[in-house]
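Okay, structure first, notes after.
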Amino acid sequence: MLTADVVLPCLDEAAALPWVLSRIPAGWRAIVVDNGSTDGSAEIARALGAVVVHEPRRGFGSACHAGLRAAEAEYVCFCDCDASLDPGLLTGFVRRVADGDSDLVLGRRRPQQRGVWPAHARAGNAALSRMLRGRTGLRLRDLGPMRAGRRTD
């Protein structure tokens, strides 16, 4: 059975945490990185069995880095903590890495209706994806917030 640590950057996600943490695959460890929440997110996450890491530097990247430093499993995943994505889908990502098909798997978001993403977020994501496609030749369309890879020291 494959296991992984799931890093969940968190800023005021008290309402979403119960569902998100219930979707973490059995035997996997949830690492909730509290990024300055004022709604009790850290306490809720801890009560639901997650490891809680506090990261005072604001931002998604800072929270992800702190979570990665706290990770111990061979495989590490990242997922938004706002219940917009299902962490249960990460098992397929980890399987692709474990089987040697990929070094890193990024989930591609597919909005179900117009206006779901703000224009600035769509434009930034498109520009970065295009830049990385040009540099790497990979068929990259989205820098989605759901990722999995092998942890190395």
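The values are calculated or read from the model by the stated rules, or taken from the named source; none is laboratory data. Nothing here was measured: the structure is a model prediction, and the numbers come from that model. Cβ sites come from the backbone with ideal geometry, for glycine too, and all protein chains shown count toward neighbours. All accessible areas refer to the heavy atoms of the entire protein, side chains included, with ligands and DNA or RNA removed. Shrake-Rupley method; radii C 1.70, N 1.55, O 1.52, S 1.80 Å.
Under 15 Å from residue 89 (Cα atoms) and of a type outside the set (Val, Ile, Thr): which single residue out of 23, 46 fits that description?
Matching residue, one of 23, 46: 23.
Residue under question is residue 99, and the condition is that it be open to solvent by 30 Å² or more (accessible area, probe 1.4 Å) and of a type outside the set (S, T, N, Q); does it hold?
Yes.
In the range 55-62, is there at least one residue being without any contact (Cβ under 8 Å) to a residue 24 or more places away in the chain, closer than 19 Å to residue 91 by Cβ and either open to solvent by 20 Å² or more (accessible area, probe 1.4 Å) or part of a strand (DSSP E or B) (or both)?
no
Hey, can you tell me all the residues within the range 67-95 that are surrounded by fewer than 21 Cβ atoms within 10 Å (Cβ to Cβ), in a helix (DSSP H, G or I) and touching a residue at least 24 places away in the same chain (Cβ under 8 Å)?
If the condition is that a residue be surrounded by fewer than 21 Cβ atoms within 10 Å (Cβ to Cβ), in a helix (DSSP H, G or I) and touching a residue at least 24 places away in the same chain (Cβ under 8 Å), then 68, 70, 88, 89, 91, 95 are the ones that fit.
From the residues in the range 102-120 that are under 30 Å from residue 44 (Cα atoms) and open to solvent by less than 30 Å² (accessible area, probe 1.4 Å), which one is modelled with the lowest pLDDT?
Only one residue tops the list, namely 107.
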